[in-house]
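The values are calculated or read from the model by the stated rules, or taken from the named source; none is laboratory data. No experiment lies behind these values; they were computed from the predicted model shown. A quick note on method: Cβ atoms are made from the backbone with ideal geometry, for glycine too, and the neighbour counts reach across all protein chains shown. For the accessible areas, the whole protein counts, side chains as well, though only heavy atoms, and no ligand, DNA or RNA atoms are used. Shrake-Rupley method; radii C 1.70, N 1.55, O 1.52, S 1.80 Å.
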Amino acid sequence: MDWGCRARRAVLMITVFAALATAATEIPPAYLLEWGAQGTGNEEFTTIDDVAVHSSGFVAVSDQILNRVQQFDTRGNYIRQWGGSGTAASEFDRPWGVAVDRAGNIYVSDRENHRVQKFDNEGTFLLMWGGGVVSGTDTFEICTSSCKKGTAGGNPGQFNLPTGLTVDGGGNVYVANWGNFRVQKYQSDGTYLTYLGTDGTAEGEFFGGPADVAVDSDGNVYTCEETNARVQVFDRDGNFVRMWGFGVDDGTPELQVCTGGCEAGQRGNAEWQFYSAETLAVDSDGNVYVADFANDRVLKFDHWGKPLVWWSDGNGALDKPVGIDIEGLSLYLGDRGNFRIIKYGGPYFETHVGEPDQK
């Protein structure tokens with residue numbers, strides 16, 4: 001037996017559990033403003049899926065039932081939209097994740113079309129990638145014109161129901177692939193690079209598929225899972241680092257951090273427990289924010305998995321929060337059941353105090 005390893009693990013777990021037992025000391029972020037209403041017109045939503053914000057001052061929001069992406073400024077003023085139901089370029093079949101790169105290009109995971117589409121910052125189609133988007137075969141392809149619906153499959157680079165996606169500081173695109181139980185990595189031009197994950201409940205595995213993915217400034221990759229009810233962390237090379245969730249270390253029904261021999265998390269509505277970890281984001285300090293769709297709340301952890309604060313309000317109770325992104329001192333959240341986008345933050349992110357903004 002490796003007693004050195006055993007001792008280090010014991011010290012780690014004592015430290016972790018002591019931290020988790022400490023009451024969170026932060027307060028929820030300040031509500032600043034909101035926009036949206038139920039409907040099909042401009043600045044209206046039916047089924048918000050994801051939110052992405054760019055430093056130049058725009059917010060992109062995907063709506064899976066209306067098969068469109070709407071673009072707003074950071075005060076909620078409508079700018080433009082694009083999309084429509086279909087399989088051609090700039091058309092969608094349940095657009096899910098949305099992300100932006102430093103140049104302002106917008107990436108959308110076109111879930112039922114099994115592909116990712118890339119647009120410029122004004123919504124002009126640039127290219128797409130996925131299985132058979134040129135030929136209709138199972139071959140991974142990149143397409144710039146006369147594109148087709150992607151084919152579902154498990155070949156390298158191919159998708160089967162892509163969901164959340166994100167872009168790292170180098171412009172690489174990470175896509176959570178729900179049906180293939182993995183996260184795939186691409187260059188910004190669609191060139192396939194690598195993947196992490198497989199089907200299962202142990203570390204580095206995804207049962208029911210990863211729902212969303214985020215990358216911090218050091219290149220660490222974070223994923224959240226609805227079925228396994230946990231957050232996993234990988235290093236920039238795709239190696240598993242840790243996970244947290246209820247019972248992930250030894251099955252005890254409490255928040256735990258695990259670094260090896262891990263289990264599926266337990267779904268529920270206790271404090272700090274996930275039921276439907278739908279989307280997540282990471283701020284510049286490495287703190288992780290998870291939107292729990294079914295529990296109507298957002299939970300914040302540090303990068304070690306220590307709980308910091310959670311909230312379920314934004315000028316009224318949250319109802320199915322989904323889609324979350326952070327830019328500077330502001331956090332943007334999709335509140336699906338209330339058909340709105342909420343902006344939080346201001347000075348909160350430095351002092352935990354914020355003043356209401358006026359739209």
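Please count how many residues of the stretch 173-187 are closer than 11 Å to ALA99 by Cβ and not aliphatic (A, V, I, L, M).
Matching residues across the stretch 173-187 total 1.
Among the residues of the stretch 189-202 satisfying the criterion of being polar (S, T, N, Q) and under 18 Å from TRP178 (Cβ atoms), which is surrounded by the most Cβ atoms within 10 Å (Cβ to Cβ)?
Here the residue is THR201.
Within the bounds of the stretch 290-307, is there any residue that is within 23 Å of ALA37 (Cα to Cα), out of contact with any Lys or Arg (no Cβ under 7 Å at 6 or more places or on another chain) and part of a loop (DSSP other than H, G, I, E, B)?
yes
Contact list please: Cβ distance under 6 Å, first residue in the stretch 221-240 and open to solvent by 10 Å² or more (accessible area, probe 1.4 Å), second residue among the β-branched types (Val, Ile, Thr) and in a strand (DSSP E or B), pairs at least six apart or on different chains.
The qualifying pairs are ASP235/VAL241.
Given the residues GLY345, GLY305, GLY314, which is the only one that is closer than 17 Å to VAL282 by Cβ and at pLDDT below 95?
After ruling out the rest, the residue left standing is GLY345.
Give the residue that is farthest from SER55 (Cα to Cα), with candidates limited to residues of the stretch 326-347 that are in a loop (DSSP other than H, G, I, E, B) and touching a Phe, Trp or Tyr at 6+ places or on another chain (Cβ under 6 Å).
Among those residues, the one meeting the criterion is PHE339.
Mind checking which residues of the stretch 62-72 are open to solvent by 10 Å² or more (accessible area, probe 1.4 Å) and in contact (Cβ under 8 Å) with a residue 60 or more places away in the chain?
Within the stretch 62-72, no residue meets the criteria.
Please tell me if GLU205 is part of a loop (DSSP other than H, G, I, E, B), acidic (Asp, Glu) and either out of contact with any Lys or Arg (no Cβ under 7 Å at 6 or more places or on another chain) or surrounded by fewer than 19 Cβ atoms within 10 Å (Cβ to Cβ) (or both).
yes
Go through the stretch 162-202 and give me each residue that's β-branched (Val, Ile, Thr) and more than 16 Å from the chain's Cα centre (by Cα).
Hits for the stretch 162-202 are THR191, THR194, THR198, THR201.
Just one of (1) among the small types (Gly, Ala, Ser); (2) in contact with a strand residue (DSSP E or B) (Cβ under 9 Å, 6 or more places away or on another chain); (3) free of Cβ contacts under 8 Å to residues at least 40 places away in the same chain trips up GLY136, so point out which.
(2)
Exactly one condition in (1) under 25 Å from GLN266 (Cβ atoms); (2) in contact with a Gly (Cβ under 6 Å, 6 or more places away or on another chain) is not met by GLN158; state its number.
In the conditions (1) under 25 Å from GLN266 (Cβ atoms); (2) in contact with a Gly (Cβ under 6 Å, 6 or more places away or on another chain), GLN158 misses (1) alone.
Quick check on TRP129: is it crowded, with 20+ Cβ neighbours inside 10 Å and farther than 20 Å from LEU66 by Cβ?
So TRP129 passes the test.
Tell me whether the stretch 177-192 contains one or more residues that are touching a helix residue (DSSP H, G or I) at 6+ places or on another chain (Cβ under 9 Å) and in a loop (DSSP other than H, G, I, E, B).
no
Using the structure shown, decide if VAL59 is among the hydrophobic types (A, V, I, L, M, F, W, C), touching a His at 6+ places or on another chain (Cβ under 8 Å) and buried (at least 23 other Cβ atoms within 10 Å of the Cβ).
No; evaluated as a whole, the condition is false for this residue.
Which of the residues that make up the stretch 137-180 are open to solvent by less than 30 Å² (accessible area, probe 1.4 Å) and touching a Pro at 6+ places or on another chain (Cβ under 8 Å)?
THR163, GLY164, VAL175, ALA176, ASN177
When you go through GLY286, GLY323 one by one, which is the residue that is assigned to a strand (DSSP E or B) and of a type in the set (Gly, Ala, Ser)?
Of the residues listed, the single one that is assigned to a strand (DSSP E or B) and of a type in the set (Gly, Ala, Ser) is GLY323.
Given the structure, is ASP218 at pLDDT 95 or above, over 18 Å from the mean Cα position of the chain (by Cα) and either of a type outside the set (A, V, I, L, M, F, W, C) or part of a strand (DSSP E or B) (or both)?
No, not satisfied.
Which of (1) open to solvent by less than 20 Å² (accessible area, probe 1.4 Å); (2) more than 30 Å from ASP249 (Cβ to Cβ); (3) within 17 Å of the chain's Cα centre (by Cα) is the odd one out, the single condition LYS300 does not satisfy?
(2)
Answer yes or no as to whether SER276 is within 18 Å of the chain's Cα centre (by Cα), open to solvent by 30 Å² or more (accessible area, probe 1.4 Å), within 23 Å of PHE234 (Cβ to Cβ) and of a type in the set (Gly, Ala, Ser).
For SER276, the condition - within 18 Å of the chain's Cα centre (by Cα), open to solvent by 30 Å² or more (accessible area, probe 1.4 Å), within 23 Å of PHE234 (Cβ to Cβ) and of a type in the set (Gly, Ala, Ser) - is not met.
Take residues that are touching a helix residue (DSSP H, G or I) at 6+ places or on another chain (Cβ under 7 Å) and at pLDDT 95 or above and tell me which of the strands (runs of 3 or more DSSP E) falling wholly in the stretch 66-152 contain 1 or more.
Correct list: 95-100.
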